[in-house]
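A.B. asks: My questions will all concern the structure given below.
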Amino acid sequence: GTQRKKNFMYRSVSFSFRIYEEGRESIPEQPYTFETDVEICLVGGSCKSPIERFWNENDVIYILQKAQHNEESDSVEESKADDAIYASELLPKESSGPVALSVGRAKQLISLYTMVQNPNVTDLKISELVVLPPLWIRCDGSDPEHTCWLGAEPLKAGNKITGINFYVVTCDGPTADKTCFANLEELKMAHKMKHHSSVVMTKGFAQYELIRAAAIEDTIVESESNIYVDITWNTVDKTLETPPLISAATLNITLESGDPRSPVYQLYRELQFLLALAEGLKTGVTEWPEPLESESAVELVQEFLTDLKKKLDGYCISGNRNETEKIKCDTAAVDSSIKSIFSERGDLDFAEQLWCKMRSRCVSSYHELIECFTLVIKSLEHGEIQPWIHQGSSSLLSKLIQQSYHGKMEVVSLSGITPIRMLLEIGLDKMKKDYVSFFIVKSRSCLLFQDYFISTSVDLQEQVHRVQKLHHMLEIMVSCTVLLQFKHENLFPLTQICMKYYKENPLNEKHMFQLPIRPALVKKFFQNDRPEIWKVDISSGHGQKEVKTTWQVSTNPPVQHMTSNNTGLFSDLTVNGSSEERMYFITMAKCSQVHFT
């Protein structure tokens, strides 16, 4: 018995030292192992998913789960008495995701963690107690309560540990049986009895998916795009109540570009052509698209130049408006009200129109590209055209046009990467102006952003990268305009949030942009739809003495580790023959406190 106690003490110190030292300098990229069967992950505590947000916001937390490795390589030495309690845990798993530990093993680890945090345990001979980050352990739900998380978070007074908050999270479902849903008054009474409190406070949270609610049937496209609204409010009257309009709401937007249903899909395709040119410039290998029209790009450019020669003033572009509009936005399948969101600029200069001609007919080879530019340069050299171009363009073609005004042009060798670079430059110029036009006219955004997003002081590849950012922002604005009917007062702050992020970060279409909004702005969605997540927090006490009970329903499993290796727990998948009722997982989180002093 004494030896067993010493072993337990030793493991406690070993455990605490390991988890403290591993995360001392920085958060490790890879999990590390404790006693062969436990994987320790040190992660940022700001959990993005409200479905798993059972812990308090912290800088870092420890998440413990079952170590995944080749069991055949494990030594038989694991049969020691002290290790027998968890040796049976080493079972093969097919899942590549996180794997949970048994509730028994999790409780043992919580005990180790608690012991080294307790200043009253002097047998460990720890010279200086260090406050460890909170500890959360994935559990396999094999106990009668279906426990999926066990947690422990230290209570502190300055740098000293005064106690620990323990958490137990359980989960059942999915089910559509409303008789399984808790009664709020019963939840409040249970909390009062457990924590000996006379007064409790309630806080509600609900999340609604807006893209699904706004989508037209039969037009669903597989995408990572999501627009959710998170709503929080104080004083909950009953479970699953609709949030009041005085709530606080945050719009969460994650949007992938390239949805064929988008009003700016043609602009997306134009951007893809630009990206192909940029890639060709970088690698020396350009993937030319298949020609889509019987008329070649060379023929179209020749017609364009011939038409310009016939103009008396040499630069009138009004006759090309309809053609370029057709090139830019084939919106036959889009409602007329959506067309106006992003329409063709009426001030396309010569270089921009040339880009439209060559892109629309899809220059299909390097040779064809050289032929197109040869026609243009010859017309300029012979003075047959004197086209108008925007001021401020730094492209090689624009310089040649400006030189042609004075009858003297430098000789340009259309070889190597020069033709590709010339086409990329005029495409970049045009698309930058397209995006700027939208953000100024539609969202009335401040022009200060131009210094970054349309700067020509960086190399071409970086300019292309910044145009990609502009397109992603445009897709977000257009989606909010079309789906949510956003007006200027909402688009403006959203644009500023996106611009600030993209000034400081690379392109990331998985990033979630968040915008505080008034609930009334999206009330037609959440007042007529069922939530993805609905939860109520019941709390009592203040500061360090605050304790909380959470009851939650969610359409998705509340824990990642239960989706793959615990399907037996979630087998209630029938809905009494009805497809109308939404299936929910039911989750409870309870806490208790232990005070050391």
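A.B. asks: Kindly rank 404-416, 150-162 from highest to lowest mean number of other beta carbons found within 10 Å of each residue.
C.D. replies: Peptide ranking by packing, descending: 150-162, 404-416.
A.B. asks: Something else: Take 99, 60 and sort them by solvent-accessible surface of the protein heavy atoms, 1.4 Å probe, largest at the top.
C.D. replies: In descending accessible area the options line up as 60, 99.
A.B. asks: Now a separate question. Can you send over the solvent-accessible area of residue 595, 1.4 Å probe, protein chains only, in Å² to the nearest 10?
C.D. replies: 80
A.B. asks: Which sequence of 286, 36 reflects their accessible areas, 1.4 Å probe, from the largest down?
C.D. replies: In descending accessible area the options line up as 36, 286.
A.B. asks: Could you give each residue of region 177-192 its phi-based ³J(HN,Hα) in whole Hz, using Karplus coefficients 6.51, -1.76, 1.60 with θ = phi - 60°, and x for Gly or Pro?
C.D. replies: In residue order, the calculated couplings are 6, 5, 5, 7, 7, 6, 8, 4, 5, 5, 5, 5, 5, 4, 5, 4 Hz.
A.B. asks: Sort 591, 180 by accessible area with a 1.4 Å probe, largest first.
C.D. replies: The ordering from most to least exposed comes out as 180, 591.
A.B. asks: Got a number for the accessible area of residue 456? Probe 1.4 Å, square angstrom, nearest 10.
C.D. replies: Here the accessible area works out near 80 Å².
A.B. asks: Please tell me which of these pairs span more than 27 angstrom C-alpha to C-alpha: 156/548; 487/523; 156/510?
C.D. replies: Values: 156/548 18 Å; 487/523 16 Å; 156/510 36 Å.
Pairs exceeding the cut-off: 156/510.
A.B. asks: Quick check: at a probe of 1.4 Å, how many percent of the accessible area of region 395-553 sits on carbon and sulfur atoms? Working shown, then result.
C.D. replies: Numbers: 3610 of 6900 Å².
The C+S portion of the solvent-accessible surface of region 395-553 is 52 percent.
A.B. asks: For region 379-434, what class follows from the C-alpha gyration tensor (a ≥ b ≥ c being the square roots of its eigenvalues): rounded when a/c is under 1.5, otherwise prolate if a/b is larger than b/c, else oblate?
C.D. replies: Numbers: a/c = 2.30, a/b = 1.21, b/c = 1.91.
Oblate shape, in that a/c is at least 1.5 and b/c is the bigger or equal ratio.
A.B. asks: Another one. Starting at the first residue of region 496-501, write each ³J(HN,Hα) from the Karplus equation 6.51 cos²θ - 1.76 cosθ + 1.60 with θ = phi - 60°, in whole Hz, x for Gly and Pro.
C.D. replies: Using θ = phi - 60°, the values come out as 5, 5, 5, 5, 4, 4 Hz.
A.B. asks: Heavy-atom accessible area of residue 240 with all protein chains present, probe 1.4 Å, nearest 10 Å²?
C.D. replies: 60
A.B. asks: Related question: For region 350-483, rounded, prolate or oblate, judged on the Cα gyration tensor with a ≥ b ≥ c (square roots of eigenvalues), a/c < 1.5 rounded, else prolate if a/b > b/c?
C.D. replies: Prolate, since a/c reaches 1.5 and a/b exceeds b/c.
A.B. asks: Can you give me the long-range amide H partners of residue 255? Hydrogens built in the peptide plane at 1.01 Å from N, cutoff under 5 Å, separation of 5 or more residues or another chain.
C.D. replies: Result for residue 255 returns 226.
The values are calculated or read from the model by the stated rules, or taken from the named source; none is laboratory data. Please read these numbers as outputs of a predicted model, since none were measured by experiment. Every residue, glycine among them, receives a Cβ derived from its backbone with ideal geometry; neighbour counts consider all protein chains shown. Only protein heavy atoms, including side chains, enter the accessible area calculation; ligands, DNA and RNA are left aside. Shrake-Rupley method; radii C 1.70, N 1.55, O 1.52, S 1.80 Å.
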